[in-house]
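Let me begin by presenting the structure, written as structure tokens, before commenting on it.
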Amino acid sequence: MSIEGEITVTLHWDGQRVHHVGLASTRPLAAARVLLGRAPAEAAALVPRLYALCGQAQGAACAAALRAAAGHDGEAEGLPEVNAGAVVLEALQETLWRLLIDAPRSLSLPPQAAALAPVRAAVAQAVAAFKAHPDDSPAALAAAAGALGKIAREQVYGEPPAAWLARTDPAAFDAWRDTAATLPARALARLAVTAPGLCRSDTALMPGLDDAAWWSAVVPALLQDPLFAQAPTWGGRPVETGALARLQAQPLVAALIAREGHSAATRFAARLVELATLLVDLESSQGSAPGWVRAWTLSDGTGLAAVQTARGLLMHHARLARGRIADYRVVAPTEWNFHPQGALFRGIVGTEAPDEATLRSRTALAVHALDPCVGFRIEVVPHA
């Protein structure tokens, strides 16, 4: 059973330039239909199986939101514990997938699917350890981070992630991009030559979750507007979420933003920085993952969870009545980044391409840079 749906990107193209982009999603309200009327424990067991992508994050968000909604009146009985370590490992795995498979493929480079097999094995082993021995979760997380760090060193950076992070200015990053033999470096080098500035958007980056404005700009709209999940906004305007937003103040990322704006290239660069940072932090901190899963009780029977994922901020909102789910809403990163007037729309309008095949490949790369949590298809229609 799946409730994922898909994203449709419709390009209005005159043979040279994109004049308009239509974006449609079939996913946002599906969770509510599936979960309404269920007991919390039943819903928490079901949600991870509904999502082929980000199942750990979706499960953690569901469990955290329902725990917050249940409070202390016994309705939390049977709900699973929330393990942020599994969420972080899943994010690392998804990031490696983008860097080693999706980005190269969109740039006509052979993907390295074989490199993902040991990644999946390491993550699966750690998640199983979390469930079997919860008290040993930090050690299991640190061990998995070590295994993933070895893969990242060999396949992504060509050197230890900690050494790669010593590059703090664009010139040093460019030198690595243009000389390293790894597939992500080659992909970024090709992108810099073939489509510089691709999907550059002036959409604002989402502020940090600790920003007090988050509570005034987002939470009231989520609670008051049942359609908020379809096209979420921050204070009434679209924002971009993901690694670029999370790391916008990191020195290298900030410098790349100042030079290139919010482009496909800076988004992939931010993923490289976040991957290396997480791997180093997880190994050095013995497996802690602070801030990736948070939850709040908003009122009696109502809970909100905010979970960071590779793709950006995931929110689950749950309201219980008489021990059953009376209302449930999911706001996924896809709905932020693929808002009808959001980052992809503003980044693709005006894109030029010599032929439809090039247009499709560039659009696919732009989509992968923003990384939807569902499948997507691209339609090209004549612009009158």
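The values are calculated or read from the model by the stated rules, or taken from the named source; none is laboratory data. Nothing here was measured: the structure is a model prediction, and the numbers come from that model. Note that we place each Cβ from the backbone using ideal geometry, even for glycine, and neighbour counts take in every protein chain shown.
Among (1) surrounded by 15 or more Cβ atoms within 10 Å (Cβ to Cβ); (2) part of a helix (DSSP H, G or I); (3) over 18 Å from the mean Cα position of the chain (by Cα), which single condition is Ala258 missing?
(1)
Exactly one of (1) surrounded by fewer than 24 Cβ atoms within 10 Å (Cβ to Cβ); (2) within 27 Å of Ala63 (Cβ to Cβ); (3) modelled with pLDDT of 95 or more is unmet by Ala243. Its number?
Failing condition for Ala243: (1).
Does at least one position in region 292-302 carry a residue that is hydrophobic (A, V, I, L, M, F, W, C), in contact with a helix residue (DSSP H, G or I) (Cβ under 6 Å, 6 or more places away or on another chain), under 25 Å from Pro161 (Cα atoms) and crowded, with 17+ Cβ neighbours inside 10 Å?
yes
Kindly provide the set of residues from region 199-226 that are exposed (fewer than 14 other Cβ atoms within 10 Å of the Cβ) and modelled with pLDDT of 85 or more, ordered by number.
Selection gives Asp202, Pro220, Gln224.
Of the residues that make up region 36-55, is at least one part of a loop (DSSP other than H, G, I, E, B), among the hydrophobic types (A, V, I, L, M, F, W, C) and modelled with pLDDT of 90 or more?
Yes, because at least one residue in region 36-55 is part of a loop (DSSP other than H, G, I, E, B), among the hydrophobic types (A, V, I, L, M, F, W, C) and modelled with pLDDT of 90 or more.
Among the residues of region 325-356, which ones are basic (Lys, Arg) and in a helix (DSSP H, G or I)?
Looking only at region 325-356, we keep the residues that are basic (Lys, Arg), and these are 329, 346.
Across region 325-356, the qualifying residue is only Arg346.
Pull out all pairs, ordered by first then second residue, where Cβ-Cβ is under 7 Å, the residues are six or more apart or on different chains, the first lies in region 49-70 and is more than 13 Å from Ala318 (Cα to Cα), and the second is outside any helix (DSSP H, G or I) and of a type in the set (D, E, K, R).
Short answer, once both residue conditions are applied: Tyr51/Glu4; Ala52/Glu4.
Go through region 303-341 and give me each residue that's touching a Pro at 6+ places or on another chain (Cβ under 7 Å), within 21 Å of Thr363 (Cβ to Cβ) and crowded, with 24+ Cβ neighbours inside 10 Å.
The answer is Arg311, Gly312, Thr334, Glu335, Trp336, Phe338.
For region 368-384, give me each residue that is surrounded by 12 or more Cβ atoms within 10 Å (Cβ to Cβ), of a type outside the set (D, E, K, R) and either modelled with pLDDT of 90 or more or closer than 20 Å to Arg200 by Cβ (or both).
Of everything in region 368-384, those that are surrounded by 12 or more Cβ atoms within 10 Å (Cβ to Cβ), of a type outside the set (D, E, K, R) and either modelled with pLDDT of 90 or more or closer than 20 Å to Arg200 by Cβ (or both) turn out to be His368, Ala369, Leu370, Pro372, Phe376, Ile378, Val380.
Given the condition under 17 Å from Gly5 (Cα atoms), touching a Phe, Trp or Tyr at 6+ places or on another chain (Cβ under 8 Å), surrounded by 20 or more Cβ atoms within 10 Å (Cβ to Cβ) and touching a residue at least 24 places away in the same chain (Cβ under 8 Å), answer yes or no: does some residue in region 344-367 qualify? Lay out the reasoning, then the answer.
Step one: filter region 344-367 for residues under 17 Å from Gly5 (Cα atoms), giving 367.
From what's left, touching a Phe, Trp or Tyr at 6+ places or on another chain (Cβ under 8 Å): 367.
If we keep only those that are surrounded by 20 or more Cβ atoms within 10 Å (Cβ to Cβ) as well, we get 367.
When the remaining residues are screened for being touching a residue at least 24 places away in the same chain (Cβ under 8 Å), the result is 367.
Looking through region 344-367, at least one residue is under 17 Å from Gly5 (Cα atoms), touching a Phe, Trp or Tyr at 6+ places or on another chain (Cβ under 8 Å), surrounded by 20 or more Cβ atoms within 10 Å (Cβ to Cβ) and touching a residue at least 24 places away in the same chain (Cβ under 8 Å).
Might you check whether a residue that is surrounded by fewer than 24 Cβ atoms within 10 Å (Cβ to Cβ), without any contact (Cβ under 8 Å) to a residue 24 or more places away in the chain and at positive phi occurs anywhere in region 262-283?
no
Is it the case, given these coordinates, that Ala145 is part of a helix (DSSP H, G or I) and under 30 Å from Arg38 (Cβ atoms)?
On the way: part of a helix (DSSP H, G or I): yes; under 30 Å from Arg38 (Cβ atoms): no.
Taking the combined requirement at face value, the residue does not satisfy it.
Working carefully through the options Arg153, Arg120, Arg105, find the one that is part of a helix (DSSP H, G or I) and farther than 22 Å from Pro372 by Cα.
Working: Arg120 fails: farther than 22 Å from Pro372 by Cα; Arg105 fails: farther than 22 Å from Pro372 by Cα.
Just one listed residue meets the conditions, Arg153.
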